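The values are calculated or read from the model by the stated rules, or taken from the named source; none is laboratory data. If you're wondering where the values come from, they're calculated on a predicted model, not measured in any experiment. With ideal geometry, Cβ positions are generated from the backbone for all residues, glycine too; neighbour counts draw on all protein chains shown. We work out accessible area using only protein heavy atoms, side chains counted, and drop any ligands, DNA or RNA first. Shrake-Rupley method; radii C 1.70, N 1.55, O 1.52, S 1.80 Å.
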Amino acid sequence: MKTSFVDGDTMTRPTNWRQNPFVRFFSSVRVGVVFLFLVLVYACVFSALPQVRGALEMTEMQAFSHWLFTALIVLTCTSVTVVSVARIRWRLINLGVLTVHSGLLVLAIGAMLYFGTKIEGDVPLRTPRIELISTIGSQRIIGQVPIKTGESWSNFMPAFGGQVSVEVTDVQRGANGEFQSVELGATQGAEAQSITLTPNQPAAALGASLRVRMREFPAESRFFDREHAAMFFRPANGPQWVMVPLPGLPIFRERFLESDYAITDTTGTVVHSQRTSPHFDLWGMSVPTGWFEQWRMPIQVTPPTAPFAVEITGFLPYIAGMRKTAVADPQGAVNPALRVQLTDMMSGQAIEHTLFAASPTQSFVAMTPPLEFRWVEDDGALQAVTRPLAGPHELTIHVDDPPVDMTVPVDVGAEIAVEGTPYTVRVQQFFPQWPLMSPGFESAVSPAALVEVTNGDTHFTRTVIQRFPDLSQDIDASGMRKRDGLLDPKIQLRYRTSGMGWLMLCCTPEMADRGEVTLAAFQPDGSVDARVLKSGEMSSTRIARAPIGVTVGGVMRSAREVEVPVVEPTATRRPNVGVRSMSAVRLRFTKPGDTSGWSEERWANFSSYPDLDSDGITVQPPGVDQPWEIVYSRVAHDLKVDLLPGALIVNFFPGRRVAESWRSDFTVVPRSGAPAYPGNVETNRTFTVGPWTLFQSSAANDHWSFTVLGVGSRLGVWPMTFGCVMITLGCLFAFYVKPVLRKRAAEAMREKVTAGSGARAGSAQEMAAVPVGDES
């Protein structure tokens with residue numbers, strides 16, 4: 001209250017509300033300009049710089065629904081409102097600026113509604129079809145046709161008697177659009193017949209080895225979010241998925257916690273994780289940014305009904321495929337494995353390999369130089385496999401009677417007479433990579449030597465396998481290969497080569513416990529440089545003068561094989577792929593209360609839909625009766641209605657090579673019990689179902705088997721539109737109408753002033769003409 005003194009009496013009157021600090025602050029033009037500038041900067045940065053959104057793990061939609069942007073909009077609207085009330089007179093001449101301000105407020109409210117409630121996703125609708133099934137061997141589908149009168153399928157198939165064709169001649173539907181019966185005209189060879197199919201009917205016979213059936217798909221009751229991810233869990237073949245949303249999952253950057261193995265790209269280059277927690281480093285200090293960034297790592301995703309605990313410990317946004325690697329399995333059987341990284345010391349490029357000593361295919365890498373992992377039981381065996389060679393190619397000959405052991409360097413054409421015996425051996429050919437086909441060794445390769453052995457009047461040819469001498473086989477003089485044993489077991493041959501160099505990693509159980517391995521680098525002349533490597537350290541060696549860095553990442557006595565993603569290099573990534581569509585997450589499973597220490601890590605690839613061609617994983621903890629299925633997909637939203645799939649209709653440009661437009665038919669089944677009604681969407685034409693707007697999103701390449709409807713909310717669109725119209729009208733008024741009103745007001749004032757001046761001049765003349773009177 002303010003006190004005034006009038007004629008000695010006191011009176012009170014209210015303080016002018018415009019002097020309130022809140023009003024004075026927000027009615028400042030400078031403050032309003034600052035708020036507008038901040039909004040403009042925020043919008044420009046997050047719209048024009050995808051690198052910023054990527055670093056902060058935000059999509060454009062998430063950036064404009066962020067609390068910080070909302071706060072800036074609220075402050076700007078407050079300033080606009082206070083200015084409109086406190087600084088602008090509400091008169092006709094100011095209608096333009098008041099309309100602009102009102103339009104800004106309406107636009108802002110509509111934008112906050114839109115970005116705050118916006119949901120967008122899609123739902124697949126699979127077209128009902130007639131399937132033609134072959135029963136020769138395992139059942140398989142050999143032909144399909146949509147359930148639509150006039151549609152047909154035909155093919156010439158000699159295995160089924162010639163021409164096979166199926167045509168839909170009549171379709172009967174129920175009140176809700178469901179199929180009641182389908183009439184078919186079918187032909188197999190010269191035999192034609194009419195077939196009637198009904199829902200849930202077993203496949204009808206079409207000849208002796210063909211079956212035909214109607215296949216419908218359940219109504220779709222939910223759609224899947226475009227941006228937000230979720231994990232789905234259920235017991236194997238269970239009836240219903242349990243969904244766990246992942247609100248803090250990254251989107252754009254590689255983020256994973258350290259593990260026992262390295263993540264590599266398709267070139268073999270090791271990929272390192274970006275930040276694994278919301279923070280940034282400043283002058284040696286870690287500044288948390290979780291108040292602004294919404295992602296995190298790790299993420300707990302355990303469903304309430306699962307008999308295990310799950311957390312996400314890694315995310316990769318763009319993978320090219322999967323590779324196999326090894327992780328320690330202390331409770332498993334002996335299965336020696338190691339991970340080794342080879343570095344080209346000239347270029348710096350690194351390639352990682354995982355080797356399993358017990359696997360014929362995974363213990364050897366056919367490269368230049370070849371790489372092999374050997375597991376031996378003691379130091380004596382270790383010295384035997386790492387001893388130098390007699391030359392680039394070495395042949396060891398052992399004869400039982402009389403006892404002879406000799407190791408000699410050999411070359412193609414070399415002939416060796418074994419002293420004291422009737423044997424003569426002659427080397428015919430060397431094979432750098434001999435493919436093996438013995439059971440259990442399929443796809444394995446090894447260097448081999450083809451050696452002719454003569455024993456008096458008989459001779460045979462022996463294929464001597466370097467890596468697996470016991471698989472060596474003999475070919476008799478007639479060219480017949482003896483597949484079980486040798487023609488002459490009294491003579492044993494062993495072949496070794498390092499003609500292209502050879503890298504061998506050898507390990508004993510004691511060395512594995514110490515985290516050590518012996519690296520034997522065989523030179524092309526047969527000499528060897530053997531040294532002990534500790535896990536994690538790099539050792540530089542040379543093969544034929546080429547410097548190679550060898551780093552052993554882990555030596556495991558008991559290991560198991562796991563699949564690990566291979567990352568697509570940034571330079572070859574396609575920028576227009578869908579959000580998360582090429583991503584994968586790493587899941588770590590544990591069992592609460594389990595004293596055995598069981599845990600397991602698995603990578604799960606992204607699946608667009610959990611029930612449709614999902615790329616899920618299966619896990620079964622110890623003590624659990626049945627395995628569980630886990631799928632990494634997208635958040636599911638309720639459609640509020642059920643959609644029965646209909647048909648996909650495609651219109652083409654002349655020539656039928658390029659599609660012009662798409663139309664998807666479906667039936668809407670309300671859950672309230674109201675009658676079902678037909679619906680459809682076309683290119684550039686939507687359809688509204690409850691709060692959702694449906695539109696054509698994508699379709700099958702065969703133009704009929706399925707269609708994908710986009711689903712989205714549109715709350716706030718009309719307020720934003722109306723706000724833009726108000727701003728436009730207000731600007732037109734301010735720039736075109738207001739100047740006219742000001743001009744008219746100025747002319748009226750000028751006329752009034754002129755009229756007032758004339759009246760005052762006339763009054764003065766009249767006063768001057770009045771007689772003053774006689775002074776006397």
Among the listed residues L92, L104, which satisfies the condition of being surrounded by fewer than 19 Cβ atoms within 10 Å (Cβ to Cβ) and at pLDDT below 95?
-> L92
Cβ-Cβ below 9 Å, separation at least six or inter-chain, first residue in region 270-282 and free of Cβ contacts under 8 Å to residues at least 12 places away in the same chain and aromatic (F, W, Y), second open to solvent by 70 Å² or more (accessible area, probe 1.4 Å) and in a strand (DSSP E or B): which pairs?
-> F280/S286; F280/P288
For region 512-545, what are the residues that are of a type in the set (S, T, N, Q) and open to solvent by 60 Å² or more (accessible area, probe 1.4 Å)?
-> S540
Hits in region 560-612 (condition: within 15 Å of the chain's Cα centre (by Cα), of a type in the set (D, E, K, R) and within 30 Å of L709 (Cα to Cα)) | E568, R573, R574, R580
Residues T117, T187, T149, T198: which one is under 27 Å from W662 (Cα atoms) and of a type outside the set (G, A, S)?
-> T149
Name the residue, out of A337, A326, that is under 26 Å from the mean Cα position of the chain (by Cα) and under 20 Å from V270 (Cα atoms).
-> A326
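One line per residue, one yes/no per condition, for (1) closer than 30 Å to D225 by Cβ; (2) at pLDDT 90 or above; (3) not hydroxyl-bearing (S, T, Y):
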{"site": "M720", "(1), (2), (3)": "yes, yes, yes"}
{"site": "G723", "(1), (2), (3)": "yes, yes, yes"}
{"site": "I727", "(1), (2), (3)": "no, yes, yes"}
{"site": "V737", "(1), (2), (3)": "no, yes, yes"}
{"site": "A748", "(1), (2), (3)": "no, no, yes"}
{"site": "E751", "(1), (2), (3)": "no, no, yes"}
{"site": "R760", "(1), (2), (3)": "no, no, yes"}
{"site": "A764", "(1), (2), (3)": "no, no, yes"}
All positions within region 243-257 that are under 16 Å from V562 (Cβ atoms) and either among the charged types (D, E, K, R) or in a loop (DSSP other than H, G, I, E, B) (or both) | L257
Out of (1) modelled with pLDDT under 95; (2) closer than 26 Å to A530 by Cβ, the odd one out for A449 is which?
-> (1)
If you take the residues of region 326-362 that are of a type in the set (S, T, N, Q) and without any contact (Cβ under 8 Å) to a residue 12 or more places away in the chain, which of them is farthest from T570 (Cα to Cα)?
-> S359
Answer yes or no: is there a residue in region 443-461 that is of a type in the set (F, W, Y) and under 29 Å from V365 (Cβ atoms).
-> no
Would you mention how many residues in region 546-568 are of a type in the set (A, V, I, L, M, F, W, C) and more than 24 Å from D344 (Cβ to Cβ)?
-> 3
Search region 395-438 for residues being of a type in the set (A, V, I, L, M) and open to solvent by 80 Å² or more (accessible area, probe 1.4 Å), and hand back the single one that is farthest from the chain's Cα centre (by Cα).
-> V412
Would you check if V772 is at pLDDT 90 or above, farther than 30 Å from I649 by Cα and of a type in the set (V, I, T)?
-> no
Would you point out which residue out of S47, S27, S79 is touching a Gly at 6+ places or on another chain (Cβ under 6 Å) and either surrounded by fewer than 14 Cβ atoms within 10 Å (Cβ to Cβ) or farther than 20 Å from F292 by Cα (or both)?
-> S79
So which pairs qualify, if the first residue must be in region 501-525 and within 11 Å of E372 (Cβ to Cβ) and of a type in the set (D, E, K, R), the second must be open to solvent by less than 20 Å² (accessible area, probe 1.4 Å) and not in a helix (DSSP H, G or I), the Cβ gap must be under 7 Å, and the two must be at least 6 apart or on different chains?
-> none
Return the residue satisfying two criteria in turn: it lies in region 10-24 and is assigned to a strand (DSSP E or B) and open to solvent by less than 100 Å² (accessible area, probe 1.4 Å), and of such residues it is modelled with the lowest pLDDT.
-> T10
Check region 486-508 and report whether any residue there is within 22 Å of D400 (Cβ to Cβ) and among the acidic types (D, E).
-> yes
Residues satisfying the stated conditions in region 254-313, i.e. over 18 Å from the mean Cα position of the chain (by Cα), open to solvent by less than 50 Å² (accessible area, probe 1.4 Å) and of a type in the set (F, W, Y) | Y261, F292, F308
Identify the residue in region 193-241 that is of a type in the set (S, T, Y) and part of a loop (DSSP other than H, G, I, E, B) and, among all such residues, is least open to solvent (accessible area, probe 1.4 Å).
-> S209
Exclusive hit being open to solvent by 20 Å² or more (accessible area, probe 1.4 Å), touching a helix residue (DSSP H, G or I) at 6+ places or on another chain (Cβ under 7 Å) and touching a residue at least 12 places away in the same chain (Cβ under 8 Å), set R323, R374, R387 | R374
Return the pairs, sorted by first residue and then second, in which the second residue is among the aliphatic types (A, V, I, L, M) and surrounded by 13 or more Cβ atoms within 10 Å (Cβ to Cβ), the first residue lies in region 422-435 and is without any contact (Cβ under 8 Å) to a residue 12 or more places away in the chain and closer than 17 Å to T497 by Cβ, the beta carbons are less than 8 Å apart, and the residues are 6+ apart or on different chains.
-> P435/A444; P435/V445
Lone qualifier among E415, E442, E452 - being in contact with a Leu (Cβ under 9 Å, 6 or more places away or on another chain) and over 18 Å from P524 (Cα atoms) = E442
For R467, all conditions in the list (1) among the charged types (D, E, K, R); (2) open to solvent by less than 50 Å² (accessible area, probe 1.4 Å); (3) out of contact with any Gly (no Cβ under 8 Å at 6 or more places or on another chain); (4) over 20 Å from V365 (Cβ atoms) hold save one; what is the number of the exception?
-> (4)
Counting residues that are surrounded by 14 or more Cβ atoms within 10 Å (Cβ to Cβ), more than 34 Å from the chain's Cα centre (by Cα) and among the β-branched types (V, I, T), which strands (runs of 3 or more DSSP E) fully inside region 118-186 reach at least 2?
-> 162-173
